[in-house]
Amino acid sequence: MGLFDFITSDDFRRDLENDYKEINSCVEIKTWKAACVLAGSIIEAVLIDFLKATDYKDKDILKRSLGQILDICEKERYLSEKTIGLSNAIRNYRNLIHPGRRERLQEEIGEDEAKIAQALIGIIIKEISSQKEKIYGYTAEQIISKIEGDPSSLSIIEHLLDKMHKSELSRLLYKIPERYFGRYFEFGSSIWDETMLNLEKVFRLTFKKSPNAEKKKVAQNFLKMIIEEKKGDKVLLYEEIFFRSSDLEYLPKKDIEIVKKHLFSSIKEQISQDFLKRLGGFGKYIKLEEMDNFIEPILIELINTSNINYQKFLKSYISEEHDIMSEKSQHALEKKVEHWIKYFQNRNKTDIVDRLESLKSWWELPF
């Protein structure tokens, strides 16, 4: 888990991470005063961010000195007595950059003070991140770090999601694909492991728990990806891993048509059992004039495969989609299958005819 994963803002987190690297450099080259200034700056920023994120009642928190902020944290017991005691080393860090000669000369900083300040960052982060978790819940970054660092944590992820701040739950819907893409494009398909599967599972669980307004944003994000990035690896990977046909209900009709055209193309190019599972429920969006685009690639797959289990899956999929289609689309599908049966009967392809006839029986069964 990253040191600053409890910080919500991406830009702010990166800024703190850079400052922290710079402190380590300062200690290495023995610039003690610079290390202490940076440590004080990081600690002040971390504490103010925590108080703001947890809606602390002081409206003027940004105007408070580090000493005053530490007093608040002591009073509210956000920091331990031991940590507050150690913090005396950096309470007056701003004097080190004060333009006045007297104030600067009053502060003597050596190796001991600088190293205490450096160590104090980790101590305060540990205590404050724990407090933030109690009050605010996990950040999106912390959830992802937990998935990556401890695959067994999937068993408690739903509990953690229920405790997350709504804004972090929303961020998680974008951070998971971002992290997934990062791992995939760095390591390629060889990275498909338990972590990748868990990221996918947590994305769908988060989506399910999100309000409809957020689901609409996620659906719009996929649409934007289709329009702006054409059919590149990122679009195909998002479609394969994170998209479900049920997501279409969160798009306006005109946008559904754009996504459908994209999906018809994908059915032709990358049809598979996993892909069709993600397209469960697509049938209710199929118009009469779109039937060929939808069903022909699937029927061809049924005809060509010799795998009995896959044949069974395809027949089940077609039947289930048939059941949720409009009446006109149902008739078009039935007519298409009848046409193919006659075609293969004329060519004495009895095995294919039997396969298509058995498909018909799936939707002709009485219920």
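Derivation of every value follows stated rules applied to the coordinates shown; laboratory data play no part. Since the model is a prediction, treat every value here as computed from it, not as a measurement. Glycine gets a Cβ as well: all are built from the backbone with ideal geometry, and neighbour counts include every protein chain shown.
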Point to revise | Distance between the stretch 227-255 and the stretch 132-174 - C-alpha centres, whole angstrom | key: 25
Study note, to complete from the structure: Note: S265 to R204 extended length (0.36 nm per residue) minus current alpha-carbon separation gives 19.6 nm
Point to revise | Point-to-point label distance, K82-S152, nm (Cα→Cβ direction, 7 Å offset) | key: 2.7
Study note, to complete from the structure: Under a Gaussian network model of the chain whose springs join Cα atoms within less than 10 Å, the largest fluctuation of D255, D162, D112 belongs to D112
Practice item. Specify the residue with the greatest mean-square fluctuation among E108, E158, E338, computed from a Gaussian network of the chain linking alpha-carbon atoms under 10 Å apart. Key: E108
Check your understanding: Among K175, K277, K254, whose mean-square fluctuation peaks in a Gaussian network model of the chain (Cα, cutoff 10 Å)?
Key -> K254
Point to revise | Environment charge at V27 (Cβ cut-off 14 Å; Lys +1, Arg +1, Asp -1, Glu -1) | key: -2
Revision key, fill the gap. Packing-ranked peptide list from 44-56, 305-317, highest mean Cβ count within 10 angstrom first, is 44-56, 305-317
Check your understanding: For labels at E257 and S167 in the simple 7 Å Cα→Cβ model, what's the distance in nm?
Key -> 3.9
Review point. In the stretch 271-367, with Lys and Arg counted as +1 and Asp and Glu as -1 at Cβ, which of these residues, Q273, M325, T305, has the Cα nearest the positive end of the dipole, that is, farthest along it?
Key: T305
Check your understanding: So for I72, I143, fewest C-beta neighbours within 10 Å to most, what's the order?
Key -> I72, I143
Study note, to complete from the structure: By the DSSP-based rule, helices of the chain that are at least 20 Å long along the axis (C-alpha) and have a mean Kyte score of at least -1.0 are 32-53, 111-135, 166-187, 194-209, 212-229, 253-270, 308-324, 350-364
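Using a Förster radius of 51 Å, what is the FRET efficiency between E17 and E296 based on their Cβ-Cβ separation? Nearest 0.05, please.
The calculated FRET efficiency here is 0.45.
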Revision key, fill the gap. Quick note, the chain: a/c under 1.5 would make it rounded; otherwise a/b > b/c is prolate and the rest oblate (a ≥ b ≥ c, C-alpha gyration tensor); here it is prolate
